[in-house]
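Values in this text are rule-based calculations from the coordinates and carry no lab data. Remember, it's a predicted structure, so these values are computed and weren't measured experimentally. Cβ atoms come from the backbone with ideal geometry, glycine included; neighbour counts cover every protein chain shown.
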Amino acid sequence: MSRTGHPLKPYISPDIFANAPRPVVVIANDYPDGFLIPSHRHRRAQLLYPSTGVITVTTRDGSWIVPPLRAVWIPAGIHHEVRAVGRVSMRSVNITARAARSLPRKCCAVGVSPLLRELILRAAGLPLLYEEHSGAGRMMRLVLDEIHALPVLPLHLPAPEHPRLKIICDAIVARPDLEHTIEDWARRIGASPRTVARLFRSHTGMSFSAWRQQARLLEALKRLAAGEPVTSVALDLGYASPSAFISMFRRAFGNTPGRYFGAAA
């Protein structure tokens, strides 16, 4: 079902396979729009790949928006929350700590090559106890090799813990269209613009304008995935025109919104 908070089919928890005697296990789950998996963690590392739809992954360090042709890497033991944006077909690649020891130690968004996409979709249909020296075992080793080669992408919005900076960031996330300058925000929290600029750099690794642009971009991804028109998204997020928004989107993803989501479909 799709509207009452349940998966579209019986949910398969990755924890079921935590002790499986195989280094890599791929499982499939489908979720309705808005479905939330509350904060949790796993003993295995995960690569979460939405073959359709968009997911948001949130940890204490921030959030990642994962559109089609992208995935998010989650190391073992990291508490994370997952929300579906639109109807989502999720493929979860679950990797033991030993097999993942040379992979990133922090969450990150990554690109998914056409080869890896097909491998993940095919691997999701394999039995749990596949024969490691068979074609299935070779496929899983190739999945792992491809994951090692994935490029890290800038789809992360850092979540600062500094109390005054958090006031600004929470307000921007709630209203990405706000055109307040850094001077406006400085007055709101009782600080100088120079202090606010320094706080953004030291706590997020980004400038104020870059953080706000990233917040807008990630909100745009969610809205476009939900089927909202480009013009509405652009104007709602404070862009002067749809063409200005499309130019920004092309710089970030290498294509216009229509072609990007069309290619993903």
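Let me have the 222 nm mean residue ellipticity of the chain computed from DSSP H runs of 4+ only, each contributing -39500 (n - 2.57), with the sum over all residues rounded to the nearest 500. Please report the intermediate quantities before stating the final value.
On the way: 9 runs with 101 residues, N = 265.
Here the helix-only value at 222 nm equals -11500 deg cm²/dmol.
Got a sec to turn the phi values of region 54-62 into Karplus ³J(HN,Hα) couplings, 6.51 cos²θ - 1.76 cosθ + 1.60 with θ = phi - 60°, whole Hz, x for Gly and Pro?
So the Karplus estimates, Gly and Pro as x, are 10, 10, 10, 10, 10, 10, 5, 8, x Hz.
Counting other C-beta atoms within 10 Å, and keeping those with at most 14, which DSSP coil trypsin sites (Lys or Arg not before Pro) do you find in region 95-126? Provide the component values of the computation, followed by the final result.
On the way: sites: R98, R101, R105, K106, R117, R122; in loops: R98, R101, R105, K106.
Loop-located and lightly packed - R98, R101, R105, K106.
Once amide H atoms are placed 1.01 Å from N in the peptide plane, what residues at a sequence separation of 5 or more from L153, or on another chain, have their amide H within under 5 Å of its amide H?
Here A109, V110, G111 satisfy the definition.
Please work out the Cα center distance from region 57-83 to region 122-188, rounded to the nearest Å.
Between the Cα centres of region 57-83 and region 122-188 lies a distance of 4 Å.
With θ set to phi - 60° and the Karplus curve 6.51 cos²θ - 1.76 cosθ + 1.60, what are the ³J(HN,Hα) couplings of region 89-103 in order, to the nearest whole Hz, using x for Gly and Pro?
For region 89-103, the Karplus-derived couplings read 9, 9, 10, 10, 9, 10, 10, 5, 4, 5, 6, 9, 5, 9, 8 Hz, x marking Gly and Pro.
Set Lys and Arg Cβ to +1 and Asp and Glu Cβ to -1, take the dipole of region 14-153 about its Cα centre, and tell me which of V85, A97, A20 lies farthest positive.
The Cα lying farthest towards the positive end belongs to A97.
Using the Karplus curve 6.51 cos²θ - 1.76 cosθ + 1.60 with θ = phi - 60°, what ³J(HN,Hα) values do you get for each residue of region 67-78, in whole Hz, with x for Gly and Pro?
The phi angles translate into x, x, 6, 10, 8, 10, 9, 10, x, 4, x, 8 Hz.
What dipole magnitude, in Debye to the nearest 20, does the chain give about its Cα centre under +1 on Lys/Arg Cβ and -1 on Asp/Glu Cβ?
Working: 34 positive and 19 negative charges, 100 e Å.
Roughly 480 debye for the chain.
Which GluC sites (Glu not before Pro) in region 148-256 sit in a loop by DSSP (not H, G, I, E or B) and have at most 15 other Cβ atoms within 10 Å of their own Cβ? Intermediate values should be presented prior to the final figure.
Numbers: sites: E161, E179, E183, E219; in loops: E161, E179.
Sites meeting the loop and neighbour criteria: E161, E179.
For region 14-153, what is the charge dipole size about the Cα centre, in debye to the nearest 20, if Lys and Arg each add +1 at the Cβ and Asp and Glu each add -1 at the Cβ? Don't skip to the end; give the middle numbers.
Working: 17 positive and 10 negative charges, 66 e Å.
Charge dipole of region 14-153: 320 debye, to the nearest 20.
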